[in-house]
Number of protein chains: 2
Amino acid sequence: MKRVNIGICGLGTVGSGTFNVLTRNQETISRRAGRDIQITHIGARRDNPASHTAGYNVSRDVFDVVRDPEVQIVVELIGGTSVAKDLVLEAIANGKHVVTANKALIALHGNEIFQAAEAKGVTVAFEAAVAGGIPVIKALREGLVANEVNWLAGIINGTGNFILTEMREKGRAFLDVLAEAQELGYAEADPTFDVEGIDAAHKLTILASIAYGVPLQFESVYTEGITQITQDDVQYAEELGYRIKHLGIAKRGQDGVEMRVHPTLVPEQRLLANVNGVLNAILVHGDAVGPTMYYGPGAGAEATASSVIADIVDVAREVDLAHPVPHLGYHRGAEGLKVLPMAEVVTSYYLRLQVTDEVGVMARIANILSDNEINIEAIIQKEPQPSDDTVPLILLTQRVQEQKMNKAITELEGQTSVIGKVTRIRVEQLDG
Amino acid sequence: MKRVNIGICGLGTVGSGTFNVLTRNQETISRRAGRDIQITHIGARRDNPASHTAGYNVSRDVFDVVRDPEVQIVVELIGGTSVAKDLVLEAIANGKHVVTANKALIALHGNEIFQAAEAKGVTVAFEAAVAGGIPVIKALREGLVANEVNWLAGIINGTGNFILTEMREKGRAFLDVLAEAQELGYAEADPTFDVEGIDAAHKLTILASIAYGVPLQFESVYTEGITQITQDDVQYAEELGYRIKHLGIAKRGQDGVEMRVHPTLVPEQRLLANVNGVLNAILVHGDAVGPTMYYGPGAGAEATASSVIADIVDVAREVDLAHPVPHLGYHRGAEGLKVLPMAEVVTSYYLRLQVTDEVGVMARIANILSDNEINIEAIIQKEPQPSDDTVPLILLTQRVQEQKMNKAITELEGQTSVIGKVTRIRVEQLDG
């Protein structure tokens with residue numbers, strides 16, 4: 001398998017996340033990429049205890065990485081816009097592809113950087129710059145390529161969404177939640193970029209350019225923060241059937257493109273209004289597809305690394321062009337991996353039984369479940385209807401293997417006190 | 001700009017949608033693709049009044065299209081698995097790339113088709129085969145390439161989700177809603193594929209193979225439909241804090257991969273539980289990224305066409321390999337497109353004013369708004385607090401241009417009966 005050499009610049013949160021995911025999932029990533037993706041050179045001012053870089057070529061000067069003739073793809077994760085810009089431009093000048101998670105760099109200097117890259121025939125990839133782990137750049141640029149984008153609206157700053165969520169769910173005040181967000185590490189010591197909408201405006205700048213083909217123009221984004229939102233506003237909005245979300249909106253009208261970041265009342269039944277906490281979501285409305293939404297973590301070491309590595313794999317395909325995406329995503333499949341028979345699946349269950357309304361029925365049912373190692377989580381028992389001597393009994397169980405449940409259901413249906421078939425519906429928490 | 005010749009086989013719902021979007025958005029698609037994508041040949045048993053194919057080369061035999069030496073990409077939209085399979089295999093044998101929306105074809109014969117394509121060095125693309133317009137194949141195969149997929153769970157049959165939504169929201173019976181779905185054209189005359197989960201199992205087969213690198217194996221999917229779900233179950237689930245969704249689930253455990261389609265209780269606060277009507281959504285949990293979700297229309301002429309065309313553009317890049325995705329998605333940008341100043345943006349508004357509690361105040365406020373052509377949508381007026389002679393007044397307005405609102409707010413703040421600043425938050429319906 002052809003080797004592709006990666007140079008990582010910056011070993012902070014995202015840098016160490018990228019290092020860790022690349023090394024942990026090395027085998028799966030290589031099977032999908034059809035490439036042996038190797039970290040060849042790391043530039044970091046200091047060691048990061050979260051990354052075990054022993055045995056790696058580590059330079060204290062990040063510019064050593066972009067000057068290393070072995071490195072084919074430079075991953076810029078140092079942040080900021082001054083050194084990062086010099087670094088990226090030098091990498092391009094040296095004929096290297098670049099992957100970056102730096103939203104400010106792209107929003108402010110992207111036009112210049114892309115021009116340099118196109119002149120040199122290299123690629124600058126930046127999926128991680130918008131909405132962390134959500135592959136929304138790819139969706140917008142490739143997945144929705146057929147569409148005129150009518151509008152897009154995104155929750156693209158997790159800190160702001162966390163604050164607004166806490167204000168609504170717990171009735172807390174803005175400054176109180178902000179202090180907690182800072183303690184939890186969601187917000188920087190200087191929270192201006194988050195709460196004044198600057199971070200969201202960087203991301204919206206990028207999304208709008210991709211949606212409409214206009215140059216990056218951060219300075220044209222109308223930007224309003226959430227610092228003036230009061231608990232009263234949150235409650236009145238609720239009374240009116242709305243929730244307040246801090247949105248980045250890009251919209252194509254008759255006369256031009258709108259780009260704006262501001263607190264927004266959104267009808268509470270919209271899915272976007274129900275995106276809570278630090279999570280991000282971008283709703284894109286295309287003329288052909290209609291509404292589509294992309295949801296997930298907008299920040300975090302490994303979530304952001306997920307997008308950085310997706311870019312690395314995309315760019316690695318360009319290092320040797322005759323190498324499209326494999327049909328099912330893997331160059332080498334996992335043919336040996338077995339599919340579990342349903343009997344071996346473990347899940348929890350909703351059961352509905354119609355039972356005779358007499359003493360001891362519940363005990364017999366509980367015994368059958370208990371004998372099959374099935375624990376009950378919740379019970380609903382309804383009053384019998386007049387002139388009816390049977391009642392519905394609803395059970396929610398804890399997790400158990402399907403074959404045990406099959407056996408228990410057979411036994412339950414054998415009871416004279418259980419009328420007809422037992423209704424069984426599986427339950428999934430889907431919480432991680 | 002280099003031309004790429006497309007042959008479309010089948011001019012039914014999706015075929016005519018693809019024809020219409022390709023011709024309507026021709027200019028934008030070409031600017032993004034860097035290719036002049038032209039329909040060269042259409043194969044259709046009969047004319048479709050929804051597509052104006054006058055002037056196009058139309059054959060009554062679809063095999064004429066795959067034998068046309070001009071055609072570079074064959075778009076298979078005839079459906080079914082017998083003729084479609086022969087057609088796709090012959091296109092591959094003739095060295096043509098293939099784009100298809102045919103989930104049954106891929107789920108049942110994909111292994112054979114991909115093998116033939118790889119042997120011949122062509123690509124078979126099938127984004128539209130899963131979840132219509134949602135670019136979930138691309139997200140899973142490329143966007144999440146760094147991740148071990150812990151599990152995925154999807155609402156991947158719109159008809160089933162429509163039925164379950166109506167049962168919950170309106171208390172209707174299964175058969176009643178099914179009849180309506182058939183009338184609305186959501187469900188086929190024979191609804192078995194939808195309500196028995198076969199359609200969802202086709203799609204889950206494809207998603208699971210991409211997530212885990214296992215061969216396509218439709219026959220291994222546990223499949224249970226929604227025909228046995230009663231109104232009682234829907235209501236008991238609600239009492240327990242759950243909603244019933246028909247999910248396709250793929251999960252990686254210690255011992256193998258689970259693939260199952262069945263009705264499932266999902267906690268009501270999950271975003272997936274709030275995906276209603278005919279819409280689809282796929283929640284994917286990766287080890288690096290955490291939970292991400294992809295939402296949108298799972299069917300429909302133009303939504304499906306959106307994915308078909310995305311595939312055409314992806315494949316068109318392979319026709320001449322030295323042609324990556326442009327940085328901001330456009331080869332030729334829209335530099336002339338102006339960004340609208342905020343003053344010209346039209347939206348609706350939430351206003352909060354603190355006003356003196358006296359006769360005539362409301363009339364003066366209403367007059368100021370009316371003079372600025374601002375219509376009131378809703379009002380909340382609170383009782384004054386004891387020992388306070390001012391009250392909060394909350395207004396929701398209809399849509400108006402920002403500069404009119406700016407002027408009205410200035411005038412309102414000039415009123416002696418209005419205390420302090422007016423709080424203004426913009427309102428967006430985000431409904432299309």
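Examine the range A:316-323 for a residue that is open to solvent by less than 40 Å² (accessible area, probe 1.4 Å), outside any loop (DSSP other than H, G, I, E, B) and in contact with a strand residue (DSSP E or B) (Cβ under 8 Å, 6 or more places away or on another chain), and state whether such a residue exists. Yes, the conditions are met somewhere in the range A:316-323.
In the list A:176, A:194, A:190, which residue meets the criterion of being in contact (Cβ under 8 Å) with a residue 24 or more places away in the chain and of a type outside the set (Ser, Thr, Tyr)? Show your work before the answer.
Values: A:176 fails: in contact (Cβ under 8 Å) with a residue 24 or more places away in the chain; A:190 fails: in contact (Cβ under 8 Å) with a residue 24 or more places away in the chain.
None of the others qualify; the one that does is A:194.
Screening residue B:112 against (1) open to solvent by 50 Å² or more (accessible area, probe 1.4 Å); (2) under 19 Å from residue A:288 (Cα atoms) leaves a single unmet condition, (2). Given the structure, is residue A:130 open to solvent by less than 10 Å² (accessible area, probe 1.4 Å), within 14 Å of chain B (Cβ to nearest Cβ) and either out of contact with any strand residue (DSSP E or B) (no Cβ under 9 Å at 6 or more places or on another chain) or more than 17 Å from residue A:8 (Cα to Cα) (or both)? Taking the combined requirement at face value, the residue satisfies it. Those strands (runs of 3 or more DSSP E) of the range B:366-432 in which at least 1 residues are small (Gly, Ala, Ser), open to solvent by 20 Å² or more (accessible area, probe 1.4 Å) and without any contact (Cβ under 8 Å) to a residue 60 or more places away in the chain, considering only elements entirely within it, cover B:376-381. Residues that are over 16 Å from residue B:145 (Cβ atoms) and within 14 Å of chain B (Cβ to nearest Cβ) within the range A:21-49 comprise just one, A:39. Right, residue B:53: away from chain A (no Cβ under 14 Å) and farther than 16 Å from residue B:310 by Cβ or not? Yes, satisfied.
Annotation note: of B:296, B:277, B:290, the sole residue that is more than 8 Å from every other protein chain (Cβ to nearest Cβ) and out of contact with any Leu (no Cβ under 6 Å at 6 or more places or on another chain) is B:277.
Within the range B:250-264, the set of residues being surrounded by fewer than 24 Cβ atoms within 10 Å (Cβ to Cβ) and more than 7 Å from chain A (Cβ to nearest Cβ) comprises B:251, B:252, B:254. Residues in the range A:235-249 that are surrounded by fewer than 19 Cβ atoms within 10 Å (Cβ to Cβ) and more than 8 Å from chain B (Cβ to nearest Cβ): A:235, A:238, A:241. Exactly one residue among B:104, B:153, B:173, B:146 is open to solvent by less than 10 Å² (accessible area, probe 1.4 Å), within 20 Å of residue B:197 (Cβ to Cβ) and either in contact with a His (Cβ under 9 Å, 6 or more places away or on another chain) or assigned by TED's automatic domain parsing to the domain that holds residue B:233 (or both), and that residue is B:153. Within the range B:138-176, the set of residues being within 12 Å of chain A (Cβ to nearest Cβ) and more than 23 Å from residue B:262 (Cβ to Cβ) comprises B:138, B:139, B:141, B:142, B:143, B:144, B:145, B:146, B:147, B:148. Scanning the range A:285-339 for residues that are at pLDDT 95 or above and of a type in the set (Phe, Trp, Tyr) yields A:294, A:295. Being modelled with pLDDT of 95 or more and in contact with a Phe, Trp or Tyr (Cβ under 9 Å, 6 or more places away or on another chain) holds for only one residue in A:281, A:250, A:211, and it is A:281. Kindly list the number of the only condition in (1) surrounded by fewer than 24 Cβ atoms within 10 Å (Cβ to Cβ); (2) small (Gly, Ala, Ser); (3) free of Cβ contacts under 8 Å to residues at least 40 places away in the same chain that fails for residue A:91. For residue A:91, the exception is condition (1).
The values are calculated or read from the model by the stated rules, or taken from the named source; none is laboratory data. The model shown is predicted, which means the values in this text are computed figures rather than measured ones. Heads up, the Cβs are rebuilt from the backbone with ideal geometry, glycines too, and the neighbour counts pull from every protein chain shown. Heavy atoms of the whole protein, side chains included, go into the accessibility calculation; ligands, DNA and RNA do not. Shrake-Rupley method; radii C 1.70, N 1.55, O 1.52, S 1.80 Å.
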